[in-house]
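Structure first, then comments.
The values are calculated or read from the model by the stated rules, or taken from the named source; none is laboratory data. Remember, it's a predicted structure, so these values are computed and weren't measured experimentally. Quick reminder, even Gly has a Cβ in these numbers, built from the backbone with ideal geometry, and neighbours come from all protein chains shown.
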């Protein structure tokens, strides 16, 4: 899994707040982890970076076969999340 987060500070009219210095700070630390959540590679908190990691497709297939989360999913319960709130 790859998890992405920006770095830096974004100024401007954020949620109606136009006060000087108002904005959003992004913490960075994007990362790539294995199927068990162990971080393989992580970016810094203060600069833009490109992350790359090798993926062993055979290992992933073995994990999916022996740890079958998707097998037990309830596809019939997905319908409500496909609707817009305005519908």
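Give me the strands (runs of 3 or more DSSP E) completely within region 1-44, filtered to those with at least 1 residues that are modelled with pLDDT under 90, ordered by residue number.
On the way: elements: 7-11, 23-27, 31-33, 39-42.
The qualifying strands (runs of 3 or more DSSP E) are 7-11, 23-27.
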Filtering region 31-60 down to residues that are under 11 Å from residue 2 (Cβ atoms) and either out of contact with any strand residue (DSSP E or B) (no Cβ under 6 Å at 6 or more places or on another chain) or touching a residue at least 60 places away in the same chain (Cβ under 8 Å) (or both) yields 43, 52, 55
Can you pull out the residues in region 59-87 that are within 26 Å of residue 33 (Cα to Cα) and not in a helix (DSSP H, G or I)? 67, 68, 73, 74
